[in-house]
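Contents: one structure, followed by commentary.
Computed from the coordinates by the stated procedures, all read-outs in this text should not be read as laboratory data. In this text the structure is predicted, and so the values were computed from the model without any measurement. Ideal geometry is used to build each Cβ from the backbone, glycine not excepted, and the neighbour counts take in all protein chains shown.
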Amino acid sequence: MSQVYDDYSIGKHSLKNRLVVAPMTRTSAEADGSASELMGDYYERFAEGGFGLIITEGTYTDKEASQGYENQPGISDAPQTDAWKKIVSRVHEHDCKMILQLMHAGAQFQYNRFTDTPVSPSGVKPKGEPLGLYGEVEGGWPEPEEMNEHHFDIVMNGFIGAVNRAKEAGFDGVELHAANGYLLNEFLSDYFNRREDKWGGSLNKRLLFIEDVIKAAKSAAGDDFIVGIRISQITVTDPDYQWPEGEEGFEHIVSKLVAAGIDYIHTTDTAYDRKHLKDGDHSLAETVQHVSDVPLIINGGIDEDNLDDLAEQFPEALFAIGKKALANPDFAKRFKSGDEIADLDFAMLQPKATLENEWQWRKLQQQADS
């Protein structure tokens, strides 16, 4: 049997295999940010399909500037927490763990029902254009406001409150979203972070707020609750961005995350094996494995053709599946039995990547096949 079906542990939590559903934006919550009944169906099918762990889509943390998309789920109040409880319970019935990804949009802000003004480290707009896949935005990215100390307090309190509510909802842990150009990722970036105070400049200063969030989250979480982090160089509209400190700098980032108490590191890139760090010969995942023994989750182009080789190359890692999981919610069972695994038809995500559009696409496929 493939090594991906070996048992795995993160902290005090045991997983039945090394297959993870990657976090994927679906913009299908209710207007008030409560997770919908359809979202329950969506997540439960992955659990039924044999995955050992599900990481949710990015979930906003406060009623200020953290929301980034229309119909994005939140974890900022009691009704939102109660809605997630039902979904977590359905997932747990299938011996599957569930982690809530906590996201603050930062400058990558396409919709927010609480404010029209994004906040970001230095008030810098993202490159490129907003993603039509998650909703149309007239006039491009809105102008963000540079964060002041009041904003820092709001953001920090949002993350701490979200950790507490995630525990109440029954999640097994949270994942801090420091990838793809959202707020925590922006602090690491010398494009977004041009500050000259204690929060910007050197790599250590650009890391400081992320370290503080990790420590605060761990303090709120306690010993039995996972606090992981997802990290990348790239953003959703800038796939070529590189940290100026290169591979040596990323090694330093990893060591600082571990020292702050992180329970796992989740790397993501356009391809899991892309060697894109300046002055280096290793991918993000290879660098984490080289520097630290902290549990590693790898994402980026993983499928049935490379999974066994990856399991041997990274014997202590988990593997986050995105596109192939969308196409095959039972990927974990199919891979184990050798059944056919379909490619993703992007038509299911058009004109917007909602669950309603996916369900309609699947209905049409069934009618065509009957």
Val294, sole failed condition from (1) part of a helix (DSSP H, G or I); (2) touching a helix residue (DSSP H, G or I) at 6+ places or on another chain (Cβ under 8 Å); (3) among the aliphatic types (A, V, I, L, M); (4) within 30 Å of Lys12 (Cβ to Cβ): (1)
Given (1) in contact with a helix residue (DSSP H, G or I) (Cβ under 9 Å, 6 or more places away or on another chain); (2) on the phi > 0 side of the Ramachandran plot, number of the condition Glu168 does not satisfy: (2)
Top-ranked residue of the range 243-265 - restricted to ones that are of a type in the set (A, V, I, L, M) and either in a loop (DSSP other than H, G, I, E, B) or in contact with a Pro (Cβ under 9 Å, 6 or more places away or on another chain) (or both), ranked as nearest to Pro295 (Cα to Cα): Ile265
Filter result for Glu356 (within 23 Å of the chain's Cα centre (by Cα), under 24 Å from Val236 (Cβ atoms), outside any loop (DSSP other than H, G, I, E, B) and in contact (Cβ under 8 Å) with a residue 24 or more places away in the chain): yes
Flag if Ala271 is of a type in the set (Gly, Ala, Ser), touching a residue at least 40 places away in the same chain (Cβ under 8 Å) and not in a helix (DSSP H, G or I): no
When residues of the range 195-254 are limited to those that are within 28 Å of Glu129 (Cα to Cα) and charged (D, E, K, R), the one surrounded by the most Cβ atoms within 10 Å (Cβ to Cβ): Arg230
Residue match in the range 327-335 (condition: in a helix (DSSP H, G or I), basic (Lys, Arg), under 22 Å from Leu307 (Cα atoms) and under 19 Å from the mean Cα position of the chain (by Cα)): no
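Going through the range 78-130 one residue at a time, which ones are of a type in the set (Asp, Glu) and farther than 30 Å from Gly52 by Cβ?
Selection gives Asp116, Glu129.
Can you tell me how many residues in the range 214-233 are in contact with a strand residue (DSSP E or B) (Cβ under 7 Å, 6 or more places away or on another chain) and either part of a strand (DSSP E or B) or over 13 Å from Ala259 (Cα atoms) (or both)?
Of the residues in that region, 10 qualify.
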Selection from the range 63-82 of residues that are outside any loop (DSSP other than H, G, I, E, B), small (Gly, Ala, Ser) and surrounded by fewer than 24 Cβ atoms within 10 Å (Cβ to Cβ): Ala78
Filtered residue count, the range 13-25, keeping only those that are within 26 Å of Lys336 (Cβ to Cβ) and not in a strand (DSSP E or B): 6
Ser28 part of a strand (DSSP E or B) and either within 21 Å of Phe314 (Cα to Cα) or touching a residue at least 60 places away in the same chain (Cβ under 8 Å) (or both): no
